[in-house]
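Notes follow once the structure below has been shown.
The values are calculated or read from the model by the stated rules, or taken from the named source; none is laboratory data. For clarity, every value in this text was computed on a predicted model and none was experimentally measured. When we count neighbours, we look across all protein chains shown, and the Cβ atoms used for this are built from the backbone with ideal geometry, even at glycine.
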Amino acid sequence: MKRRLTYSFLLFAVVLFSCQPKEVVQENTGFPKLILQKAAVPALVDGIEKYPMLQTSFAQAKETADNGIEAGITVPFPKDPGGGYTHEKHKLNYIEMYNAGVVYQLTGDEKYAVFVRDMLNEYATLYPTLGIHPMKKNQSPGKLFWQGLNESVWLVYTIQAYDCIYEFLSAEEQANIEENLFKKVVEFFTVEDKYSFDRVHNHGTWAVAGVGMTGMVLGDSSLVQKALYSTKLDGSGGFLKQIDELFSPDGYYAEGPYYQRYALMPFIVFAQALDNNLPELKIFEYKNGLLPKAVTTVLQLTNADGKFYPINDAIKEKSWMTPELIFGTDIVYKLTGNNKLLNVAEYHGKVMLSAEGLAVAKAIAEDKTERFERVPMLISDGANGDKGGLALLRMGDSENQTSVLFKFASQGMGHGHFDRLGISLYNKGEEIIPDYGAARFLNVAAKEGGRYLPENKTWAKHTIAHNALVLNEQSHFAGKLKAAEENDPVLVFADLENPAVQIVSATDENCYDGASLNRTVAMLQAEGRTYVIDLYNVKNESSAMLDLPVYFNGQILSANFDYTRLNQYKVLGTDQGYQHLIVDATAQNLPATASLTWMQGNGFYTVSTLADANTECFITRLGANDPDYNLRHQMGMVFRFPKAKNKKLLTVYEMHGDYNPASEAVLNSEGSVKSLQLIEGDDEKVAILLQLKNEKTIQLLLDLKFADSVTNTVPVNGETLSWDKNYKVSIK
């Protein structure tokens, strides 16, 4: 059975999407039409016999559908928050329906279509009776789920299931399901919760994707228009506005990689549905191919173990082994033919059951895979690329890679953290200097129904929870979202192309009144070790207490200073995250170069800091004022510089050595830095000297103004060191 679809869009007159209205008349070529298309089914059926990865993916889909059929249909009245029975059952239902619909198309076995039909009929009976979910606790609750976001996800999957069985249904069955289910759900999003629908946010992205895809299947062009341009049809919201504002020109999503991974599903799936049904929109070419670029960018925002860098509100365990990136990788491969994406697909071990997945499975079977490489790169933030960004400093190869994530990005909206100029350090797939991520146990009902925990606001968002400088125990922007969103850090200088050293410098002049923070991070390899040189340049109108936290995992081995373990329970502070830090040990009268070494996994790590007579060190662990044990175990240290005005803080991180548990052999377990020197010349010229125990010296000469000067000089130990341009590295 066929429908004739008429879509009216605002199309570009010269380039894509101009403001000149134009009727687009498209003859429907049958169902399914969204992602899996009717015309692709024969080739897919043939490909399942030929290509192992496609065969595996089909077998998994069939198993999911068969399990659903065997268990029988249950559509419970919604009552639970995330992680509760009804919440998880409605999630399982849409997954089973989606897979059953696809399997029906690929096998022709009507039992799968019957399963989807009967499930949809149950929902068509239930949904009109529902009010707002009883466990609502946010501004955008749903009806089936405690938050409307989950309802949007349900719609994105379920409309695809309906698309797959549409031609199996009678006209009466179609009418019942459409009138009593899909139109009711769409009304909820576009009328009752149009705030979320029109919002430029990942909640809005899922909503417009679900509604737009529903419009395509139902033949309602007005729904597709609303999905593209907002309920007002004026472009103030909707899919295009979200692409415009949520991504930088480099494909970075404002809320960070964890949420970029999640939001990519509706972005990339809706875009594919648009491309399949309205190719004249050229959605994948929009803004210089921004959506395909967003997929390749987020793949780069993973550590060597595939886990996303956990900045902002991020669940740390999440990796690129997710459905969102299976869809994203396959779709972008089909668009671009980038054979490095095949390597990512091999990690996934499965593909989409669509023309895109067929293309990937075929190319892998034909041995076209090229190695995916994580490379040093700068990634801009902001719609125009002018709101700071991220720097990825990387050295080494594959699983042995060392990387530094330097965050000088914008706030990241409500999911952002107050960690301007923060860093994280990774080595051989492990977090060495970690970021905490989010305080949340996603979908664990016993922990606030799977919602963000109170400690997300009292700890995880605050500056002291990150490896970033804190003044006077106050978070950046005093922890106020509005002020943070109005001001952004600035990239001062970057050079990631030099094989000898990678270096980045950025400044934030607004996170504290009367103070300017500049941080320069350089990574280099020498003497068989990797060093990260970290220099803060603090300019302050008045004296302040500076706290530099350094978090680490593993076991402390040694320190070159005496510390006192405390027998009494002591908390570092009273607010702004400090109330959650237990002080385990304290140290004063530190040596000029204070060093501490710890062991993590099979590696050894040393942090060395340039101290003065007033510097203190606190060895801390997380967990104070945490009555429900919501916070994870985390050790750290805080170097405190009391009464500092204009001051430069020098810290060096060193990765060294190896422990072989099989042979019990230990290699290079001690740090190599004997002493640090920071020598200041005129006009922000500095010399950083790492004097090693083997009598060699690593020199990093910097012009902190990065003025690209022809000649710079610093007097060092009776001689004048000179260099051209912005910096120079040497080993003597």
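Evaluate the following for Y162: is it in a helix (DSSP H, G or I) and crowded, with 22+ Cβ neighbours inside 10 Å?
yes
If you scan region 232-255, which residues turn out to be closer than 14 Å to V298 by Cα and outside any helix (DSSP H, G or I)?
Selection gives F247, S248, P249, D250, G251, Y252, Y253, A254, E255.
Could you tell me whether region 657-665 includes any residue that is surrounded by 13 or more Cβ atoms within 10 Å (Cβ to Cβ), touching a Leu at 6+ places or on another chain (Cβ under 6 Å) and within 30 Å of A585 (Cβ to Cβ)?
Within region 657-665, one or more residues are surrounded by 13 or more Cβ atoms within 10 Å (Cβ to Cβ), touching a Leu at 6+ places or on another chain (Cβ under 6 Å) and within 30 Å of A585 (Cβ to Cβ).
Give the residues of region 491-513 that are modelled with pLDDT of 95 or more, polar (S, T, N, Q) and surrounded by fewer than 20 Cβ atoms within 10 Å (Cβ to Cβ), sorted by residue number.
N510
State all residues of region 413-435 that are over 18 Å from L481 (Cβ atoms) and touching a helix residue (DSSP H, G or I) at 6+ places or on another chain (Cβ under 6 Å); if no residue qualifies, say none.
Within region 413-435, K428, G429 qualify.
Can you find, within region 369-411, the residue that is farthest from L524 (Cα to Cα) among those that are in contact (Cβ under 8 Å) with a residue 40 or more places away in the chain and out of contact with any strand residue (DSSP E or B) (no Cβ under 9 Å at 6 or more places or on another chain)?
Across region 369-411, the extreme among qualifying residues is N384.
Filter region 33-72 for residues that are assigned to a loop (DSSP other than H, G, I, E, B) and crowded, with 17+ Cβ neighbours inside 10 Å and give the result.
K33, L34, I35, L36, Q37, Y51 - these are the residues of region 33-72 that are assigned to a loop (DSSP other than H, G, I, E, B) and crowded, with 17+ Cβ neighbours inside 10 Å.
Would it be correct to say that A304 is touching a residue at least 12 places away in the same chain (Cβ under 8 Å), crowded, with 20+ Cβ neighbours inside 10 Å, in contact with a helix residue (DSSP H, G or I) (Cβ under 9 Å, 6 or more places away or on another chain) and part of a loop (DSSP other than H, G, I, E, B)?
So A304 fits the description; yes.
Identify all residues within region 321-353 that are more than 26 Å from N400 (Cβ to Cβ), small (G, A, S) and in a helix (DSSP H, G or I); write none if there are none.
Hit for region 321-353 is G328, nothing else.
Considering only residues that are farther than 26 Å from T597 by Cβ and more than 26 Å from the chain's Cα centre (by Cα), which ones fall in region 501-531?
Selection gives Y512, D513, G514, A515, S516.
Of the residues Y258, Y286, only one is of a type in the set (S, T, Y), at negative phi, crowded, with 23+ Cβ neighbours inside 10 Å and assigned to a helix (DSSP H, G or I); which?
Checking each option against the conditions leaves just Y258.
Are any residues in region 179-192 farther than 19 Å from N202 by Cα and either touching a strand residue (DSSP E or B) at 6+ places or on another chain (Cβ under 9 Å) or surrounded by 22 or more Cβ atoms within 10 Å (Cβ to Cβ) (or both), and if so, which ones?
L181, F182
The conditions are (1) assigned to a helix (DSSP H, G or I); (2) under 24 Å from Y195 (Cβ atoms); (3) basic (K, R), and R117 fails exactly one of them. Which is it?
Answer for R117: the failing condition is (2).
Output yes when any residue across region 202-221 is of a type in the set (A, V, I, L, M, F, W, C), touching a residue at least 40 places away in the same chain (Cβ under 8 Å) and touching a strand residue (DSSP E or B) at 6+ places or on another chain (Cβ under 8 Å), and no when none is. Working first, answer last.
From region 202-221, those of a type in the set (A, V, I, L, M, F, W, C) are 206-209, 211, 213, 216-218; that's our starting set.
From what is left, the residues that are touching a residue at least 40 places away in the same chain (Cβ under 8 Å) are 206-209, 211, 213, 216-218.
From what's left, touching a strand residue (DSSP E or B) at 6+ places or on another chain (Cβ under 8 Å): 216.
Scanning region 202-221 turns up at least one residue that is of a type in the set (A, V, I, L, M, F, W, C), touching a residue at least 40 places away in the same chain (Cβ under 8 Å) and touching a strand residue (DSSP E or B) at 6+ places or on another chain (Cβ under 8 Å).
Table: residues versus (1) surrounded by 20 or more Cβ atoms within 10 Å (Cβ to Cβ); (2) modelled with pLDDT under 95; (3) within 30 Å of L92 (Cα to Cα).
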{"position": "S398", "(1), (2), (3)": "no, yes, no"}
{"position": "G414", "(1), (2), (3)": "no, yes, yes"}
{"position": "D419", "(1), (2), (3)": "yes, no, no"}
{"position": "Y426", "(1), (2), (3)": "yes, no, no"}
{"position": "A445", "(1), (2), (3)": "no, yes, yes"}
{"position": "Y452", "(1), (2), (3)": "no, yes, yes"}
{"position": "T458", "(1), (2), (3)": "yes, no, no"}
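Looking at L264, L274, L299, can you tell me which residue is assigned to a helix (DSSP H, G or I), touching a residue at least 24 places away in the same chain (Cβ under 8 Å), in contact with a Gly (Cβ under 7 Å, 6 or more places away or on another chain) and among the aliphatic types (A, V, I, L, M)?
L264
Would you mention how many residues in region 673-726 are within 38 Å of the chain's Cα centre (by Cα), touching a residue at least 60 places away in the same chain (Cβ under 8 Å) and farther than 16 Å from T593 by Cα?
7
Of everything in region 460-483, what is crowded, with 24+ Cβ neighbours inside 10 Å and outside any loop (DSSP other than H, G, I, E, B)? Give them in sequence order.
A460, T463, I464, A465, V470, H476
Looking at region 354-386, which of its residues are under 26 Å from the mean Cα position of the chain (by Cα), under 27 Å from P52 (Cβ atoms) and part of a loop (DSSP other than H, G, I, E, B)?
T369, E370, R371, F372, E373, R374
Run down N303, N312 and say which single residue is on the phi > 0 side of the Ramachandran plot, of a type outside the set (D, E, K, R) and under 21 Å from the mean Cα position of the chain (by Cα).
N312
For region 659-672, which positions are in contact with a Phe, Trp or Tyr (Cβ under 8 Å, 6 or more places away or on another chain), in contact (Cβ under 8 Å) with a residue 24 or more places away in the chain and part of a strand (DSSP E or B)?
Y659
Of everything in region 199-231 that's among the small types (G, A, S) and assigned to a loop (DSSP other than H, G, I, E, B), which residue is surrounded by the fewest Cβ atoms within 10 Å (Cβ to Cβ)?
Only one residue fits best here, namely G219.
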